[in-house]
Amino acid sequence: MMRIKALPDVPRWAVLAAHAVPLVTLPSGLWRLALVAGLPVTQDADWGAGMSAGESVYVVSLSVVSELLAFLTLGLVRSWGEVFPRWMPFLGGRRVNPAAATGAALAGVAGLCAIAAWGAYASYADLGPGIPATPAQDALLVVCYAPLLAWPVLLAAVAVAYHRRHRGGRGPAGGGTRQYGAGRPSASSWV
């Protein structure tokens with residue numbers, strides 16, 4: 001059985017959910033990269049290849065940024081979600097404020113839900129230019145973008161599990177809070 005890295009007190013379902021997030025964002029990013037590369041993901045092959053340099057950079061950046069944001073979910077189940085890595089300027093070695101981490105994750109959930117709602121509305125209202133595609137290309141688009149609907153659900157579940165592990169000074173068994181990164185700055189220096 002494959003061993004997945006996580007803190008010892010994290011529920012297995014939360015670890016699996018956190019590791020699934022980067023995987024559900026991958027197909028849409030690959031579709032966008034194929035579009036920029038001029039692969040036949042649309043009926044008009046020049047539609048993607050004919051993008052300006054700025055549009056191409058935007059589409060590629062969107063793929064890279066969304067994948068990086070998805071990888072941040074792993075921080076909720078790994079040690080770098082407890083103590084900032086040493087290489088980070090100004091924050092390295094300090095404890096992560098659990099309320100800030102949970103708040104950021106839940107704000108991400110709200111943002112992802114808003115984007116999904118807007119996308120559904122825009123599609124229903126037939127807003128925008130549309131992408132010229134054959135039925136097979138439309139099916140490919142749906143297959144690549146549908147997994148994104150799981151992102152806010154998975155992120156919310158992992159954020160709630162993170163919050164439960166850190167709430168009220170109680171650890172997973174009701175005992176004291178786990179001390180990750182012993183020898184690091186005290187709780188009074190939380191960021």
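The values are calculated or read from the model by the stated rules, or taken from the named source; none is laboratory data. All values reported here derive from a predicted model rather than from experimental measurement. Here Cβ is always computed from backbone atoms with ideal geometry, including for glycine, and neighbour counts include all displayed protein chains. Keep in mind that these areas ignore ligands, DNA and RNA; they rest on the heavy atoms of the full protein, side chains included. Shrake-Rupley method; radii C 1.70, N 1.55, O 1.52, S 1.80 Å.
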Worksheet item: Can you name every residue in the stretch 98-119 that is open to solvent by 50 Å² or more (accessible area, probe 1.4 Å) and farther than 30 Å from Leu141 by Cα?
Response: Ala99, Ala100
Worksheet item: Based on what the data block shows, is Asp138 among the acidic types (Asp, Glu) and loosely packed, with under 12 Cβ neighbours inside 10 Å?
Response: no
Worksheet item: In the stretch 74-120, how many are under 19 Å from Asp9 (Cα atoms) and basic (Lys, Arg)?
Response: 2
Worksheet entry | Selected residue (criterion: surrounded by the fewest Cβ atoms within 10 Å (Cβ to Cβ)) from residues of the stretch 1-44 that are in a helix (DSSP H, G or I) and among the basic types (Lys, Arg) | Arg12
Practice prompt. Scan the stretch 75-97 residue by residue and report those that are farther than 18 Å from Arg164 by Cβ, open to solvent by less than 20 Å² (accessible area, probe 1.4 Å) and either touching an Asp or Glu at 6+ places or on another chain (Cβ under 9 Å) or not in a loop (DSSP other than H, G, I, E, B) (or both).
Written response: Val83
Discussion item. With the requirement that a residue be at positive phi and open to solvent by 50 Å² or more (accessible area, probe 1.4 Å), what does the stretch 120-135 give you?
Written reply: Asp126, Gly128
